Structures are given as structure tokens and as C-alpha cells.
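One structure is given below, encoded as C-alpha cells.
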Amino acid sequence: MTQEDAQKRKAPSPVKTKLDPQSPRPRRDLAPARIADLLDRLAKAQPNAECALVHRNAWELLVATILSAQCTDKRVNLVTPDLFRAFPTPAAMAQASLPELEELVRTTGFFRAKSKSIQGAGKVITEQFGGEVPRTLAQLITVPGAARKTANVVLGVAYGLAEGVVVDTHVQRLSKRLGLTRHDDPKKIERDLMRIIPRNRWIAFSHELILHGRAICVARKPRCAECPLETTCWAPDKTWRSH
Ligand code: SF4
């Protein structure tokens with residue numbers, strides 16, 4: 001054996017740790033069969049899942065979604081009819097005075113910031129997008145008040161375009177409970193979901209998960225005994241388990 005051969009033999013082989021992101025080893029809870037089963041059960045459990053914000057077009061949905069931050073959809077739906085009667089288009093909203101807007105959206109909370117956002121959104125959409133709510137994520141996130149989550153809602157619900165997955169507080173919570181992500185940051189959660197969920201399910205998936213989070217998988221005491229996902233869920237805080 002040459003000296004070179006001996007050195008090669010002694011060289012330590014690279015060690016792959018559990019946290020190695022390059023590791024090809026599949027995680028049991030992300031197995032395609034399990035994800036497909038979970039999606040199937042979710043769709044059957046929430047067959048009528050859709051956006052609860054009442055709207056007639058992309059502009060109204062954008063405004064309603066901005067107003068829904070830290071507020072219930074029900075409350076937003078009480079406010080928007082008067083708001084859209086007074087300011088029906090982006091151009092009209094851009095011309096509205098802030099005190100007028102604040103009065104109309106006061107009960108949704110954070111009303112000063114929200115008024116500025118919807119007035120600014122009207123202005124940008126009128127001046128930069130010809131009065132039409134843009135159809136790409138890159139353009140939509142330049143509109144005041146429209147961060148990634150809002151943009152994904154508008155693109156998915158108003159235009160049927162799946163550019164991302166809506167990650168609201170329910171999707172955030174349930175994705176962790178179901179072992180679909182280990183992250184807390186919505187952007188990282190969205191990235192994980194986009195990797196494991198087929199694109200043609202992105203839009204419906206978040207509506208279904210939101211409804212499931214409201215009806216069954218509630219924050220404090222999830223109703224596991226009546227949950228159709230129970231056999232495929234390993235959440236540590238389950239209130240009942242069959243396995
Ligand atoms: S089994 Fe329990 S924790 Fe798991 S998804 Fe259903 S309600 Fe949530």
C-alpha cells in the first residue's frame with residue numbers, strides 16, 4: 001500500500017447529522033402518502049371552505065383583507081357595505097379624507113393605520129396599475145397594506161392564482177400541530193407548505209385549514225375525538241388519541 005493510499009483510508013467519512021438539510025432521508029410525517037391522506041380528509045371535513053370576507057371584486061377583497069388584520073371577518077363584513085357605498089373604487093378611496101375613513105372603519109381596530117393603508121392602496125392602484133388590482137405577487141406587495149398574506153388571499157380568491165399559500169394564525173398553528181413545519185415564522189411556514197403540498201391544492205388548503213382551526217382544532221382544547229384528521233395527527237397536545 002502506498003503512503004497516499006494509507007492516508008485515503010484513514011480520512012474520516014463525512015457525517016450526516018439529523019439536522020443536515022441536505023439529508024435525503026424522508027421525515028415520516030411528511031411522507032407523500034400521509035400528506036395525500038391528510039389533504040383528502042381535510043377536503044372531506046371542510047367541503048364548503050371559502051373566504052368568509054364578503055366582496056364583489058378584487059378591489060373590495062383587498063380592502064376587506066387589509067381591514068381583517070387583528071379583527072374577525074364577521075366584524076369586517078359589518079363595516080364594508082357602508083365603506084364601499086361611500087368609496088366604491090380605488091380612485092374614490094384615494095380621494096377620501098382620513099377622518100372619513102377612520103370613522104367608517106373604526107370598529108375594526110387599528111383604524112388609523114388601516115385608513116392610511118386603504119387610502120394609500122387606492123392611490124397606488126389608481127396611479128400605477130390603471131385602477132386594476134395587480135395579478136402578480138411581486139406587484140401586489142408594493143400596494144400599501146398588502147403584505148404577502150394579503151396578496152396571497154387576493155390572488156387566490158379573486159383571480160384563482162396560486163402564487164403562494166395563505167398563512168394566517170390558524171394555518172400557522174395547525175401546520176405545526178400536524179407536523180407540516182417546525183417553524184414559527186409565517187414566511188418559513190409558507191415555504192415548507194409550498195414544498196409538500198401540490199400547487200393545485202394551495203388555495204383550497206388554507207381555506208380548509210382555517211375553517212378546521214375555527215371549528216375543530218381550536219387553540220386551547222382541540223376537539224380531537226371528533227377530528228377526521230386524528231389518525232394522521234401526532235400533535236403532542238392532543239386531547240384524545242387513537243394511536
Ligand atoms: S387530532 Fe386534534 S390536534 Fe390533531 S388536527 Fe385534529 S383536533 Fe387538531
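Structure data summary
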item	result
Candidate set from segment 192-217 (those that are more than 8 Å from the ligand (Cβ to nearest atom) and in a loop (DSSP other than H, G, I, E, B)); member that is surrounded by the most Cβ atoms within 10 Å (Cβ to Cβ)	Ile197
Residue count for segment 50-71, restricted to those that are at pLDDT 95 or above and among the acidic types (Asp, Glu)	1
Filter pass, Pro186 being assigned by TED's automatic domain parsing to the domain that holds Asp37, more than 30 Å from Gly120 (Cα to Cα) and of a type outside the set (Gly, Ala, Ser)	no
Residue count for segment 229-243, restricted to those that are farther than 14 Å from Leu174 by Cα, more than 7 Å from the ligand (Cβ to nearest atom) and part of a loop (DSSP other than H, G, I, E, B)	4
Residue identified as more than 24 Å from Asp37 (Cα to Cα) and among the aliphatic types (A, V, I, L, M) among Leu211, Leu229, Leu178, Leu137	Leu137
Contacts under 7 angstrom Cβ, first residue in segment 146-175 being among the aromatic types (Phe, Trp, Tyr), partner buried (at least 22 other Cβ atoms within 10 Å of the Cβ), 6 or more apart	none
Matching entry among Ile216, Ile210, Ile203 (being of a type in the set (Val, Ile, Thr) and more than 18 Å from the chain's Cα centre (by Cα))	Ile216
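Per-residue answers, yes or no, for (1) farther than 30 Å from His212 by Cβ; (2) over 23 Å from the mean Cα position of the chain (by Cα); (3) crowded, with 16+ Cβ neighbours inside 10 Å:
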| position | (1), (2), (3) |
| --- | --- |
| Thr108 | no, no, yes |
| Ser117 | no, no, yes |
| Ala121 | yes, no, yes |
| Val124 | yes, yes, yes |
| Glu127 | yes, yes, no |
| Gly130 | yes, yes, no |
| Ala151 | no, no, yes |
| Arg173 | no, no, yes |
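The values are calculated or read from the model by the stated rules, or taken from the named source; none is laboratory data. Being a predicted model, the structure only gives us computed values, none of them experimental. Reconstructed Cβ throughout: ideal geometry from the backbone, glycine too, with neighbour counts over all protein chains shown.
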